[in-house]
1. Where in segment 59-151 are there helices (runs of 4 or more DSSP H), lying wholly inside it, with at least 1 residues that are touching a Cys at 6+ places or on another chain (Cβ under 7 Å)?
2. Within segment 78-126, track down each residue that is surrounded by fewer than 17 Cβ atoms within 10 Å (Cβ to Cβ) and of a type in the set (S, T, N, Q).
3. Restricting attention to segment 156-215, which residues are among the basic types (Lys, Arg), surrounded by fewer than 15 Cβ atoms within 10 Å (Cβ to Cβ) and over 21 Å from the mean Cα position of the chain (by Cα)?
4. Does residue 73 fit the bill of being at pLDDT 95 or above, farther than 19 Å from residue 156 by Cα, buried (at least 22 other Cβ atoms within 10 Å of the Cβ) and of a type in the set (Phe, Trp, Tyr)?
Amino acid sequence: MNGETPIASAVDTEVADGVDRRGVLRWEVGAFVVTMLGGSSLHFAFELSGFAEPVAVVASVNESTFEHLKLFFWPALLFALVEHAYMKDRCHNYWWGKGLALLAAPLGVIASFYFYIGIAVPLTGRGYLPFDIATGAIGVLLGNVVAYRVLTSPSKGQGYQRAGGAIMLVLAILMATSAWLTPRFFLYENFFGYEYSGAYGILEDYTPYLVFDQE
């Protein structure tokens, strides 16, 4: 007996390897909330800006799947940069973990969205907004889980850190340019009303898509 309480022992174990697991968990929960709220706010930013093209860097310009990935990417990236200032010395593999998280999130969104659409549209002829939102939440949550697992795992070499930074940079370029550089690929095609329209990028006419009164 060394007089140490079970709680103190647990806390010591929690940070013994240089990782503040409780802190990482809190930040990842915060990242999930901020990303979901930020993504929801950006959904209509392009229309509310009067369709100003600079806003298209961060906001969706049509109803394609890829444009919706931008909505979650930018808040998550911004939060990761802020989080780094507080957690860089309290976890491992920061940039590697965040790079993988930012990659896992859109993959999770794509997989869950097309799984649900593949069932809902043939059966009912349409999709449903709550399920659309849920697929976004699934992808974002997957990214947070990946980040937590990597940030609390044993430390890896600097090569992994550089690889994570490279992933983030490539994703940022893809997201920032998607309104103008649009491969003729289904992820980039306008999917308004759960039907592909054949349109890509910034549209010629937004009249059918207006949500807010422009008068």
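The values are calculated or read from the model by the stated rules, or taken from the named source; none is laboratory data. Bear in mind that the values here come from a model prediction, so they are computed numbers and not experimental data. Don't worry about glycine lacking a Cβ; one is built from the backbone with ideal geometry, like all the others, and counts go over all protein chains shown.
1. Because the criterion is at least 1 residues that are touching a Cys at 6+ places or on another chain (Cβ under 7 Å), the helices (runs of 4 or more DSSP H) in segment 59-151 that meet it are 129-151.
2. Answer for segment 78-126, where residues must be surrounded by fewer than 17 Cβ atoms within 10 Å (Cβ to Cβ) and of a type in the set (S, T, N, Q): just 124.
3. 184
4. Yes.
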